[in-house]
Amino acid sequence: MSAAIRLKRFGTKKRPYYRIVVMDKRSARDGKAIEELGYYHPIEAADKQILFDAGKVRSWVEKGAVVSDTVRDLLNKKNFSL
């Protein structure tokens, strides 16, 4: 199984929020996640928008999970390097 760290969408129309999750690459965007690592809430204040567990992210990357471009940009905003 090939895993990917990507976003899973929640919320209502025009008020989205996202969870940063580990999923099988072939599953649907809002399908079942293997593990939840954090969240991204774009409507919140800048300091509360992104929250994630750095240890879990690092361990999944070491296991071979591929990080999506969007999640990579979000992690870089929090000065987290892979």
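The values are calculated or read from the model by the stated rules, or taken from the named source; none is laboratory data. All values reported here derive from a predicted model rather than from experimental measurement. Counting neighbours? That spans all protein chains shown, and the Cβs are built from the backbone with ideal geometry, glycine included.
If I filter the range 67-82 down to residues being touching a residue at least 24 places away in the same chain (Cβ under 8 Å) and polar (S, T, N, Q), which single residue comes out as farthest from LYS13 (Cα to Cα)?
SER68
Determine the pairs where a residue that is over 17 Å from ASP73 (Cβ atoms), located within the range 28-42, has a partner that is assigned to a loop (DSSP other than H, G, I, E, B) and modelled with pLDDT under 95 with Cβ atoms under 9 Å apart, the partner being 6 or more residues away or on another chain.
Within 9 Å, the pairs are ALA33/SER27; ILE34/MET1.
Looking only at residues in the range 11-38 that are part of a strand (DSSP E or B) and among the hydroxyl-bearing types (Ser, Thr, Tyr), which one is farthest from VAL66 (Cα to Cα)? If you could, list the steps in order and put the result at the bottom.
Going through the range 11-38, the residues part of a strand (DSSP E or B) turn out to be 11-12, 15-24, 35-38.
Remaining after also requiring among the hydroxyl-bearing types (Ser, Thr, Tyr): 12, 17-18.
Working: THR12: 28, TYR17: 22, TYR18: 18 Å.
Residue satisfying both the conditions and the ranking: THR12.
Quick check on my filter: what residues within the range 43-66 are assigned to a loop (DSSP other than H, G, I, E, B), within 29 Å of LYS13 (Cα to Cα) and within 13 Å of the chain's Cα centre (by Cα)?
Once the filter is applied, which keeps residues that are assigned to a loop (DSSP other than H, G, I, E, B), within 29 Å of LYS13 (Cα to Cα) and within 13 Å of the chain's Cα centre (by Cα), the range 43-66 yields GLN49, ASP53.
Quick one: in the range 4-27, of everything that is in contact (Cβ under 8 Å) with a residue 40 or more places away in the chain and buried (at least 18 other Cβ atoms within 10 Å of the Cβ), which residue is farthest from the chain's Cα centre (by Cα)?
That would be ALA4.
Is there any pair with a first residue in the range 46-66 that is touching a residue at least 60 places away in the same chain (Cβ under 8 Å) and aliphatic (A, V, I, L, M) and a second that is loosely packed, with under 14 Cβ neighbours inside 10 Å and not in a helix (DSSP H, G or I) whose Cβ atoms are under 8 Å apart and which are 6 or more apart or on different chains, and what are they?
From residues that are touching a residue at least 60 places away in the same chain (Cβ under 8 Å) and aliphatic (A, V, I, L, M), the pairs are VAL66/SER2; VAL66/LYS25.
Determine whether LEU75 is in contact with a Ser or Thr (Cβ under 9 Å, 6 or more places away or on another chain) and either among the hydroxyl-bearing types (Ser, Thr, Tyr) or not in a loop (DSSP other than H, G, I, E, B) (or both).
yes
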